[in-house]
Amino acid sequence: MNERNGGTPEDEPREARRGGKAREPDRGTGAVTGGQDGRGETEEERADRRWQELLQEIRVAQTGVQILLGFLLTVVFTPPFRALEQTDKTVYVVTVVLGSLATGALIGPVSFHRIVAGRRVKPQAVVWASRLTFTGILLLLATLTAALFLILRVATHDPYVPWLVSGVLAWYLICWFALPLWVRTHYADRS
């Protein structure tokens, strides 16, 4: 279909949109030849698409971790910081280090892409950038948990803080990992 008769350009195979010849389905399997994932993409097209998707994901995580790290870095310069117990200062240092590591991992794919751009290794670059992103997400999880623990510990001094932080951590784990893995196992194409 095309835009004139109610379809979108995405409804047509990529080659047909470029004026090329569309790939024919393999009669035996129904799969589109030339593509492993049923989209009819070449390896380079798949890498381009996956890279764009990854960049969108990184933008969300990068913004959050950079704002959090920015606030954390300013805390040490406030007068109340000097009055903190040594345990709280240690938790603070661990939180800042975790935030810095998360920032590095989430910015890493950008540097990675700049260094390998034009070298015809985009499929491999996407794999490594994806690994860096996942590492950054794990470090962001640890940073958020440590920051919440520090803030609630300093603000309340109540013994229920570890339980509350554990509950929030469980919520993060459900939202970020358990639910996507459940959907992946229950709805993914099993062919």
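The values are calculated or read from the model by the stated rules, or taken from the named source; none is laboratory data. Fair warning: this is a prediction, and the values are worked out from it, not measured in the lab. Positions of Cβ are backbone-derived with ideal geometry, glycine not excepted, and every protein chain shown enters the neighbour counts. Heads up: the accessible areas ignore ligands, DNA and RNA and are worked out on the full protein's heavy atoms, side chains in. Shrake-Rupley method; radii C 1.70, N 1.55, O 1.52, S 1.80 Å.
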*asked:* Among the residues that make up segment 114-126, is at least one of them in a loop (DSSP other than H, G, I, E, B) and closer than 27 Å to Leu84 by Cβ?
replied: no
Filter segment 70-113 for residues that are in contact with a Gly (Cβ under 6 Å, 6 or more places away or on another chain) and in contact (Cβ under 8 Å) with a residue 40 or more places away in the chain; the one that is farthest from Phe149 (Cα to Cα) is Leu106
Going through (1) under 18 Å from Gln62 (Cβ atoms); (2) open to solvent by 60 Å² or more (accessible area, probe 1.4 Å) one by one, Gln124 fails only at (1)
Expected single match for outside any helix (DSSP H, G or I) and buried (at least 16 other Cβ atoms within 10 Å of the Cβ) among Leu148, Leu106, Leu84 is Leu84
Flagged in segment 72-123 as closer than 20 Å to His157 by Cβ and small (Gly, Ala, Ser), in numbering order, are Ala83
If you go through Thr90, Thr156, Thr185, Thr143, the only one that is among the polar types (S, T, N, Q) and surrounded by 14 or more Cβ atoms within 10 Å (Cβ to Cβ) is Thr143
